[in-house]
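In what follows, a single structure is set out as structure tokens and then discussed.
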Amino acid sequence: MSEASEHPTRRAVVVGGGEISRVHLRALAGMGVEVAAVVDHDADRAQRAAAPLGAAAHTALDAALTDGGVGPVDVVHVCTPHDQHLPVVLAALARGTHVLVEKPLAHTLADAERVVAAAEAGSRKVGVVLQNRYNATTRAMKEVLAGGSLGPVLGASATVVWSRTADYYAGKRWAGQRPRSGGGVLINQAIHTVDLVQWLLGPVTSVSGRAFRLLPIDGVDVEDTAAIAMTHAGAHGAEVRSTFFATAANAVNEPVTIDVTCERGSLSLRGDLTVTDAQGGETVVSDSPAVAGAPAYWGRSHEALIGDFYARLDEPEPFWIGPREALEAQRILSEVYARS
């Protein structure tokens, strides 16, 4: 993984004027990337997001990218509700731009696979915002496990214990509607941690689990709680088991946890990372600094991922967190949904 480096002046269009777009817009401003336009079907929302940057406001991506629009664009950022990801990605690729899409790839596995196919059929880079892979703590976990100093992994567990109330869904109605979101806590919040677990422990060979709703909220038909057991293909053919619990029915947002037990030590992520060796010695890796103005549960590494994506635009290789890489976590969630 390379750090973001100096890059030529680029031009971007951000599609979606909701709250997550503000993180992208702030990161782009800090990098010196020109935001040519903000696109949102709500003209007022597009204008509110675009005006502080002197960007154009459009209600359709095609209008922004065609003749008479904003001119040449390097990257389209997809910050829309889940069910709008696929059409925006396809439109951007058809216009010859690179694409950076927020997780998940799409609201269904079938549409996610179409994103993968479109990305691999084209010549433009497509990156997926799974920003927690850039956290100092998770990068350290990956390095320790890859280095083998703690020996083979014996097992792991992870939790996402958060709160999403009726007010949350009132302000983001699509998130509580399965036909638009694709699901609840798993696909909208916990997908980041599912991705980290499979990234750290290795390919998932079997999945079992259930997703369900504990607390009824009017107009909401997506799950707020889920439990998963996964089997990973470990080193030398040995299988490794991980368990995962997620809920959005808690009273408050607790820190995400990931615990990995190895033959000669352990790793425990709770904000900071504690690495314990066989002799009981501990090494602590501090969490990445908080992002001003952004909820802590969004993670702390959007800017690092966005900067790295732009730094790699001229490289011939695909971006390392591309659609096929991101598909793994969505495949896991889809298997749980199919059993629920």
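The values are calculated or read from the model by the stated rules, or taken from the named source; none is laboratory data. Every value quoted in this text rests on a predicted model; they were computed, and no experiment measured them. Using ideal geometry, Cβ is built from the backbone for each residue, glycine included, and neighbour counts are taken over all protein chains shown. The area values use the complete protein model at the heavy-atom level, side chains included, leaving out ligands, DNA and RNA. Shrake-Rupley method; radii C 1.70, N 1.55, O 1.52, S 1.80 Å.
With at pLDDT below 95 and in contact with a strand residue (DSSP E or B) (Cβ under 7 Å, 6 or more places away or on another chain) as the only criterion, which of Ala140, Ala233, Ala156, Ala211 stands out? Being at pLDDT below 95 and in contact with a strand residue (DSSP E or B) (Cβ under 7 Å, 6 or more places away or on another chain) holds for just one of Ala140, Ala233, Ala156, Ala211, which is Ala233.
Residues in region 128-170 that are without any contact (Cβ under 8 Å) to a residue 12 or more places away in the chain, charged (D, E, K, R) and either touching a Cys at 6+ places or on another chain (Cβ under 6 Å) or closer than 28 Å to Ile20 by Cβ (or both): Asp167 only.
Keeping to region 54-99, report how many residues are outside any strand (DSSP E or B), hydrophobic (A, V, I, L, M, F, W, C) and open to solvent by less than 40 Å² (accessible area, probe 1.4 Å). Break it down into steps so the answer makes sense when it comes.
Quick first cut of region 54-99, residues outside any strand (DSSP E or B) only: 54-55, 59-74, 79-97.
Pick out the ones that are also hydrophobic (A, V, I, L, M, F, W, C) and you get 55, 60-61, 63-65, 70, 73, 79, 86, 88-94.
Then keep just the ones that are open to solvent by less than 40 Å² (accessible area, probe 1.4 Å); that gives 55, 61, 64-65, 70, 73, 79, 86, 88-89, 91-93.
Looking only at that region, the number is 13.
Scan region 195-214 residue by residue and report those that are open to solvent by 50 Å² or more (accessible area, probe 1.4 Å) and either of a type outside the set (A, V, I, L, M, F, W, C) or within 18 Å of the chain's Cα centre (by Cα) (or both). Of everything in region 195-214, those that are open to solvent by 50 Å² or more (accessible area, probe 1.4 Å) and either of a type outside the set (A, V, I, L, M, F, W, C) or within 18 Å of the chain's Cα centre (by Cα) (or both) turn out to be Pro203, Thr205, Ser206, Ser208, Arg210, Arg213. Among the residues of region 237-289, those that are among the hydrophobic types (A, V, I, L, M, F, W, C), within 22 Å of Asn188 (Cβ to Cβ) and surrounded by fewer than 16 Cβ atoms within 10 Å (Cβ to Cβ) comprise Ala251, Val252. Checking each residue in region 29-42 for being of a type in the set (A, V, I, L, M, F, W, C) and either more than 17 Å from Val88 (Cβ to Cβ) or assigned to a loop (DSSP other than H, G, I, E, B) (or both) picks out Ala29, Met31, Val33. Looking at region 214-270, the strands (runs of 3 or more DSSP E) lying wholly inside it that each contain 3 or more residues that are polar (S, T, N, Q) and on the phi < 0 side of the Ramachandran plot sit at 239-247. All conditions but one from (1) crowded, with 16+ Cβ neighbours inside 10 Å; (2) part of a loop (DSSP other than H, G, I, E, B) apply to Trp174; the one that does not is (2).
On the given criteria, is Leu93 touching a residue at least 40 places away in the same chain (Cβ under 8 Å) and in contact with a Gly (Cβ under 9 Å, 6 or more places away or on another chain)?
no
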